[in-house]
Amino acid sequence: MADAPPLVRIVAAELGEGLAGIMVGIAADVLIFSTLDDLRLSGTAGRVQIGGIVVLALLWAVNLLVYRPRQLRAFSSAVAVEDASVLEPNEERTRQLRRGCVRVAAFVFLVTLGGAYIAHLPLLGLGFQLILGLGLLHTWWTAIWWERRHGVHLWKPALSAVGRENWRGSPYYVTSARARSVTNNG
């Protein structure tokens, strides 16, 4: 594992990325609602925006139903890390966590502003942020629940270090929560 990409805790990565996306989304919403005169909430444009939010919510619900069992199976097949000292906090891990937060924040900002100023559908940005926040919250909560239930910490290579396709194909890793807390305190 010495030459492997840095592993990051799933809970820390999800929480950081979720909070970064939500904070930047709120800033983008403030910008949109303070600069747009017509939010196009009535008539056909309003129905299209509400319909878009409903479609996003339905897609999220279907994705949740399909993804959760797959995610729990992936957690169950996690590879044990024998030497927990390789997971001690370091500069590269922190940099990759920050980089992941910046990537999510930039994506949310661009989608929100693009929906408002290019597609002229400002509520779609709010809907996207809501769905993104719920999805990240669900993944974060599922990981916390699974970790507590099994007494371990879940790790995965940093998405910003390996890319989306390699990240999807890489396994989860686990360390004992007890051994990890001893190394942090000592």
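Accessible area of region 78-146 with a 1.4 Å probe: how many percent of it is carbon plus sulfur?
Carbon and sulfur: 71 percent of the exposed surface of region 78-146.
Quick one: putting +1 on the C-beta of Lys and Arg, -1 on the C-beta of Asp and Glu, what dipole do you get for region 1-141 around its Cα centre, in Debye to the nearest 20?
Computed charge dipole of region 1-141: roughly 400 debye.
Taking amide H positions as placed 1.01 Å from N in the peptide plane, with prolines and chain starts having none, which residues 5 or more places from V8, or on another chain, fall under 5 Å of its amide H?
HN-HN under 5 Å from V8: K156, A158.
So what are the ³J(HN,Hα) numbers for region 101-117, from phi and the Karplus equation (6.51, -1.76, 1.60; θ = phi - 60°), rounded to whole Hz, Gly and Pro as x?
After applying 6.51 cos²θ - 1.76 cosθ + 1.60, I find 5, 5, 5, 5, 4, 5, 4, 4, 4, 5, 5, 5, 5, x, x, 7, 8 Hz.
Report ³J(HN,Hα) in whole Hz for each residue of region 47-55, in order, from the Karplus equation J = 6.51 cos²θ - 1.76 cosθ + 1.60 where θ = phi - 60°; Gly and Pro get x.
Whole-Hz 3J(HN,Hα) from phi for region 47-55: 5, 5, 5, 5, x, x, 5, 5, 4.
Among P5, G114, L59, whose Cα lies farthest out toward the positive end of the dipole of region 1-128, if unit charges sit on the beta carbon of Lys, Arg (+1) and Asp, Glu (-1)?
After comparing all options, I get L59.
I'd like the GluC sites (Glu not before Pro) in region 61-128 restricted to DSSP loop residues with at most 11 other Cβ atoms within 10 Å, sorted by number.
Here the GluC sites (Glu not before Pro) that fit, given the DSSP loop and packing criteria, are E82.
What does the accessible area per residue of the chain come to in Å², with a 1.4 Å probe and no ligands, DNA or RNA counted? Please report the intermediate quantities before stating the final value.
Working: 10820 Å² over 186 residues.
Using a 1.4 Å probe on heavy atoms only, each residue of the chain averages 58 Å².
Indicate the gyration tensor shape class of region 38-141 (rounded, prolate or oblate), computed on the Cα atoms with a ≥ b ≥ c the square roots of the eigenvalues: a/c under 1.5 is rounded; otherwise a/b larger than b/c is prolate and the rest oblate.
Here region 38-141 falls in the oblate category.
Per residue, what volume in Å³ does the convex hull of the Cα atoms of the chain enclose? Provide the component values of the computation, followed by the final result.
Values: hull volume 23.2 nm³, N = 186.
Hull volume over Cα atoms, normalised by residue count, gives 125 Å³.
The values are calculated or read from the model by the stated rules, or taken from the named source; none is laboratory data. If you're wondering where the values come from, they're calculated on a predicted model, not measured in any experiment. Positions of Cβ are backbone-derived with ideal geometry, glycine not excepted, and every protein chain shown enters the neighbour counts. The area values use the complete protein model at the heavy-atom level, side chains included, leaving out ligands, DNA and RNA. Shrake-Rupley method; radii C 1.70, N 1.55, O 1.52, S 1.80 Å.
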